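Contents: one structure, followed by commentary.
The values are calculated or read from the model by the stated rules, or taken from the named source; none is laboratory data. Since the structure is predicted, the reported quantities are computational estimates derived from the model, not experimental observations. With ideal geometry, Cβ positions are generated from the backbone for all residues, glycine too; neighbour counts draw on all protein chains shown.
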Amino acid sequence: MSRIGRKPIPIPAGVTVVAKEHVVTVTGPRGALTRTLHPELAVKLEGGVLVVLRPSDAPKHRALHGLSRTLVANMVEGVTKGYEKRLAVVGVGYKAELKPFGIMLTVGLSHTVDVKAPAGIKLTAEATVPAQKVADNHSTTITVSGADKELVGEIAAEIRGIRPPEPYKGKGIRYLTEKVRRKAGKTGTGAK
């Protein structure tokens, strides 16, 4: 049996879980999430814990077992604590401004790029203190937060994809913990 799949998911106080057939709905202080699992897997709520069951030991069912358990556990954690991804905007003149629809990015393109926040996602942009700016050389930090882990990661990846970090000067949008491998660049050819 899958070591991850067989672990029960504890349900914290203030969270309600409704499992009808293969549709799981989790409601908590940060919102409600719904996910449709594979129809061959069963979800049972017993004694304050949630258990995902599989019908057989077939490779297909074993693969889906751990995945489904992790997806439901992420839903429970999302409605209680929430998820967050932080990005750094690095480059001279590069910035992110908070707007009513989301954020507006100025990242060295011929135009500004508007990023609209979908339902359930909160985008914030804050300027970095000059003392921190010297150490990491970024002017703005973008925070993507929400209850749905998958959607938070997707929006953060889309923002990073607008201007990925380049290897020569390190300019662009990167995750705050991301290390950019730098290249040496061109060297002048000496006299022959």
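For the reader, a short list of remarks on this structure follows.
- Top-ranked residue of the range 91-104 - restricted to ones that are in a strand (DSSP E or B) and more than 20 Å from the chain's Cα centre (by Cα), ranked as farthest from Ile162 (Cα to Cα): Lys99
- Subset tally (residues that are surrounded by fewer than 17 Cβ atoms within 10 Å (Cβ to Cβ), touching a strand residue (DSSP E or B) at 6+ places or on another chain (Cβ under 9 Å) and in contact (Cβ under 8 Å) with a residue 40 or more places away in the chain) for the range 11-34: 5
- For the range 143-174, filtering for residues that are surrounded by 15 or more Cβ atoms within 10 Å (Cβ to Cβ), within 19 Å of Lys116 (Cα to Cα) and of a type outside the set (Asp, Glu) leaves 15.
- Test: Leu53 is free of Cβ contacts under 8 Å to residues at least 60 places away in the same chain and either in contact with a Ser or Thr (Cβ under 8 Å, 6 or more places away or on another chain) or at negative phi (or both): yes
The rows are residues; the columns are (1) at pLDDT 90 or above; (2) in a strand (DSSP E or B); (3) closer than 22 Å to Ser145 by Cα.
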{"position": "Gly5", "(1), (2), (3)": "no, no, no"}
{"position": "Arg35", "(1), (2), (3)": "yes, yes, yes"}
{"position": "Leu67", "(1), (2), (3)": "yes, no, no"}
{"position": "Met75", "(1), (2), (3)": "yes, no, yes"}
{"position": "Glu84", "(1), (2), (3)": "yes, yes, yes"}
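- Against the conditions (1) outside any strand (DSSP E or B); (2) hydrophobic (A, V, I, L, M, F, W, C); (3) touching a residue at least 12 places away in the same chain (Cβ under 8 Å), Ile173 satisfies every one except (1).
- Test result for Ser139, modelled with pLDDT of 95 or more, of a type in the set (Gly, Ala, Ser) and in contact with a strand residue (DSSP E or B) (Cβ under 8 Å, 6 or more places away or on another chain): no
- Residues that are loosely packed, with under 13 Cβ neighbours inside 10 Å, assigned to a loop (DSSP other than H, G, I, E, B) and at pLDDT below 90, drawn from the range 105-136: Val129
- So Ala88, is it among the hydrophobic types (A, V, I, L, M, F, W, C) and in contact with a strand residue (DSSP E or B) (Cβ under 7 Å, 6 or more places away or on another chain): yes
- Residues in the range 105-119 that are in contact (Cβ under 8 Å) with a residue 24 or more places away in the chain and within 22 Å of the chain's Cα centre (by Cα): Leu105, Val107, Val113, Val115, Ala117, Pro118.
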